[in-house]
Structures are given as C-alpha cells and as structure tokens.
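Inspection log for the structure reproduced underneath, given as structure tokens.
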C-alpha cells in the first residue's frame, strides 16, 4: 500500500474509534432517556436521532454543511470567535461518522434497556438507590450485551461512512481521506489494483468487528 | 392492483415514442452552460431528439467511457484524456475537433478581505486552504499544478490544497467561504458571480493552453447525430454562444 493508503487506513481507524467513543457518550444516555423517561419532545428527539438511518447520507451531509460550514448557523459564529472552521478537518469526518452511526447505537441500546425487567430497578429504588445510581449499577449492566452490540454496529458504520463525510470533510489525501474515500478515488483514477487491496483491508476489518461484537454480545451476564 | 400496474406500464411506454433519438453527452462540467445552450438550438431544429448530459471532471468521464458507459459524445477540458481514449481506440479519431479555449484564474470569496493579487500571495498565512481540482482526474487541477510547478510554488502550497472532484466543486468551496482561494476557469466565475471574485490570473505561459476537444465515442449507436453535434459546436452560432459565455476560439493548428 502507498503512504496515502496507509494514512487512509490509520485515519479510518482513528475516526471510527473517536466516533464510537462520542456515540457512547451521547448515545447511551440518550437511549436510556428514550427507554425510561417520558418527557416533552421525546418523539422529536427519537425522530431526529433516527433520521440519519433513513435519509440519504448526502442529505445528512448537506444539513451538516448548513449547520457547521463556515457560513453555517453554528459554523459562522464559531469562525467569528475562533477563526477556525471544522470543514475539511478530520474532526469533520468524526462528526459525520458520529451522526451517521448514532441511530444504530441508540436503537440497539434502547431496545436492550427496555427489555430490562423494571422490577429490578424498583427493587433498587426501595433500597434507597437514586435513579442515577440505579441506571449505572442495575439497568445499564443488565443491558450490557445490547449496548456492546450497538457500539460495535456504530463502529462498523463509522468505518464505512462515505456520503456525509465527503460532503463535510472533503477528500484530502493524508488529512480527511478515509478508507472508503480512498477506494472511491482509486476506482475513479483507474487504480484497480490499489482499489482491490483497499477493499480487502476494509472487508477484513469489518469481519473482525462483526465477529468480535458477536463474541462480546453473546457473553453471559 | 394489476390494473394500476398495467396503466403505469402503458404510461411509461407512451412517454418514450419509438421514433425518439437520444444522444448522451459526457461533458466536462466547465462546459455545462455553453453545451446546454448549444444543445437547445440543436434540439430546436430536430424534433424527437433528446439530449442527456452526463457532467463531471474529464478524467472521471474518461474512466466511465473506458468502463463501457453508454455515451455517444465526449467533450473534454483537456487533450490528455482524449489522447488516452484515442490511443485505446475508444473514440472515432476522424471526428475529433478542438472547439474552444479557456483561461485559468484564481478566485476568492466575494467578501474576502485578504489581498491576493499574485501567486506568491497564496503563501500568506491568512490563506489557510486553497481549493483545486484533484490533479489525478480534473484538468483544471492538472493545469494549475503545471502552472504552480513552473512558478516553483507547488511543493510550498501543497499542504494548503483541498482537492475537489471537479472544477465546480472547487468553485463551490470558495463560494461557501470554506477556503480562502481556488483555481478555476475564467468562465466559471460568472456562474457564481455574487459569491466569488477573481483575485488574479496565472501567467498564461506557465501552463499549456486549456483547450476543449470533442469526439464521437466509438461504441456509439448514434454516430451521425453525434457528428452533427460536433458540427454545431464549431458552427458560427455555436462559436457565438461560446463567446457570449466567455470562452475563447480554438487556437488554429490544434486538432
């Protein structure tokens, strides 16, 4: 593999790990709230989180540009304040991958949390545990397998992200060119051999994630 | 249910009369407006003829033709892509004609306050990112690279470059203000006149002339119609339309 392709592989792993971590930080609390709380706007939150799953990735990418571009609703004030803009940086790839992967984690984790018998939680409450500690010590550990499976799915989705990434992060070799973008460019420029080896690497990596998630998810509680 | 399906199929069949002729043109995206305008005149005199435009960078369009895309006519923004197709026997050599010329320019966002009036100004720290067509597939990127290499600036500017899939994407990056400067053709500027402005032009002796060759694709089943379209490109009306949009006449002695 050429240096550009090696850096694409490394960048893809870096972006996917960061996006999975962000997914855990945002998605697990979100899944818990959607599963266990009834609050105003719950349906809207549910809809917004799910949308990237059904919308074409280019549509999600476009929304991200409108929001985070230098002239965007959040991007413009950010640029005024700091002189920095997220577009065409590897952070943009992380954001795109996070948004695209979020529905997979939230839906999987939410289903796992909903399937936890509420009687365990009630028992914890009667023993004087707060909801916060009950969630951390009872609910989430019992939903562990589903959450891990969701995180693995999110990682795999982040690894394969293309549409929203190319729109927000561009396709800069060595900077924002992840494996899927590198494959796209290799095919476009007629480098069939390079494309084949990159496709092999990505397939192998995805297989590892699927097998690992199967093993982790199937562990007894 | 079946009745609905039958109706839908009949409707589809009615929408495509058997006598219709369809010409698919793979067009370098910088030529979009010009070829569309010439195309309107072309179809006006030919009832039943429909034109389909497949727009992209010349390199991308070249790869599609190599992969057997069902295209009748190829209009490239550089000789290189056409040369490679001709060598592979994928275009009709006799039909090949250069019909227009263009000039490179460097643009910046319309509201930019950075003074960029010569190539070395691009080294300025306030110019953080520069949009350029990917030199692997996009002619405007190839011409720009050639010019910057001649000027001895390519390696120094390289870290700032953001590669675009075609010239209009580079234009869009500048129009959106995501980059401080970009390399496009002079004819592209008017398509986003409110959002971008010309900063300076690269010396024309630092890169080979930007010329547009057109040729009939060898596998086309609409050879006569495709030849007629090339004739329309070089006709007086065609050349006048190109001139109105800022293109220059093809240099003499270039095929």
Inset, instruction - Between residue A:59 and residue A:117, with labels modelled 7 Å along Cα→Cβ, what's the label distance in nm to one decimal, could you check? - result: 4.2 nm
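Is the C-alpha gyration tensor of segment B:104-200 telling us rounded, prolate or oblate? Criteria: a/c under 1.5 is rounded; beyond that, a/b larger than b/c is prolate, otherwise oblate. Before the final figure, lay out the partial values.
On the way: a/c = 1.56, a/b = 1.13, b/c = 1.39.
Note, shape of segment B:104-200 comes out oblate.
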Inset, instruction - Please label the shape of the protein assembly as shown as rounded, prolate or oblate, based on the square roots a ≥ b ≥ c of the eigenvalues of the alpha-carbon gyration tensor (a/c under 1.5 means rounded; beyond that, a/b larger than b/c means prolate, else oblate). - result: prolate
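Rg to Rh for segment A:3-217: what is it, with Cα atoms only and Rh by Kirkwood?
Numbers: Rg = 19.3 Å, Rh = 18.5 Å.
Radius of gyration relative to Kirkwood radius: 1.04.
Two-decimal Rg/Rh of chain B from alpha-carbon positions, Kirkwood Rh? Please report the intermediate quantities before stating the final value.
Working: Rg = 20.2 Å, Rh = 19.4 Å.
My calculation puts Rg/Rh at 1.04.
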Legend entry - Spin-label pair residue A:127/residue B:204, simplified geometry with 7 Å Cα→Cβ offset, distance in nm: 8.5 nm
Legend entry - Two-site FRET efficiency, residue A:136 against residue A:43, from Cβ-Cβ distance with R₀ of 22 Å, rounded to 0.05: 0.25
Legend entry - Between helix A:57-68 and chain A: long-axis angle, C-alpha atoms, 0 to 90°, nearest 10: 90 degrees
Inset, instruction - Find the centroid of the Cα atoms in segment A:137-153 and in segment A:58-105, then give the distance between the two in whole Å. - result: 28 Å
Inset, instruction - At 0.36 nm per residue, minus the direct Cα-Cα distance, what do residue B:255 and residue B:20 gain on full extension? Give it in nm, one decimal, please. - result: 81.4 nm
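Classify segment A:85-150 as rounded, prolate or oblate, taking a ≥ b ≥ c as the square roots of the eigenvalues of its Cα gyration tensor: rounded when a/c is under 1.5, otherwise prolate if a/b is larger than b/c and oblate if not. Don't jump to the answer; show the numbers that get you there.
Numbers: a/c = 4.54, a/b = 2.47, b/c = 1.84.
Verdict is prolate for segment A:85-150.
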Legend entry - Computed helical MRE - 222 nm, chain B, DSSP H runs ≥ 4 contributing -39500 (n - 2.57), nearest 500: -10500 deg cm²/dmol
Legend entry - Peptide ranges A:159-170, B:20-31 listed from the most packed, as the mean C-beta count within 10 angstrom indicates: A:159-170, B:20-31
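Using a Förster distance of 25 angstrom, determine the FRET efficiency expected from the C-beta separation of residue A:13 and residue A:189, and round it to 0.05. Show your work: numbers first, answer last.
Details: r = 24 Å, r/R0 = 0.94.
Step by step, r from the Cβ atoms, then E = 0.60.
Rounded to the nearest 500 deg cm²/dmol, what is the calculated helix-only ellipticity per residue at 222 nm for chain A, with -39500 (n - 2.57) per DSSP H run of length n ≥ 4?
Working: 11 runs with 164 residues, N = 221.
When only DSSP H runs of four or more count, the value is -24500 deg cm²/dmol.
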Inset, instruction - With a point put 7 Å past each Cα toward its Cβ, work out how far residue A:25 is from residue B:154 in nm, to one decimal. - result: 4.2 nm
Legend entry - Cα-based helix-to-principal-axis angle, A:192-217 vs chain A, degrees rounded to 10: 10 degrees
Inset, instruction - In whole angstrom, note down how far apart the Cα centers of segment B:126-144 and segment B:37-113 are. - result: 19 Å
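Determine the relative contact order of segment A:3-217: mean sequence separation of Cα pairs under 8 Å and six or more apart, normalised by residue count, in whole percent.
Values: 284 pairs, mean separation 66.5, N = 215.
Taking the mean separation of contacting Cα pairs over the length of segment A:3-217, I get 31 percent.
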Inset, instruction - Set the Förster radius R0 to 25 Å, insert the Cβ-Cβ distance between residue B:224 and residue B:248 as r into 1/(1 + (r/R0)^6), and round the FRET efficiency to 0.05. - result: 0.30
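Computed from the coordinates by the stated procedures, all read-outs in this text should not be read as laboratory data. Keep in mind the model is a prediction, meaning the values are calculated, not measured. When we count neighbours, we look across all protein chains shown, and the Cβ atoms used for this are built from the backbone with ideal geometry, even at glycine.
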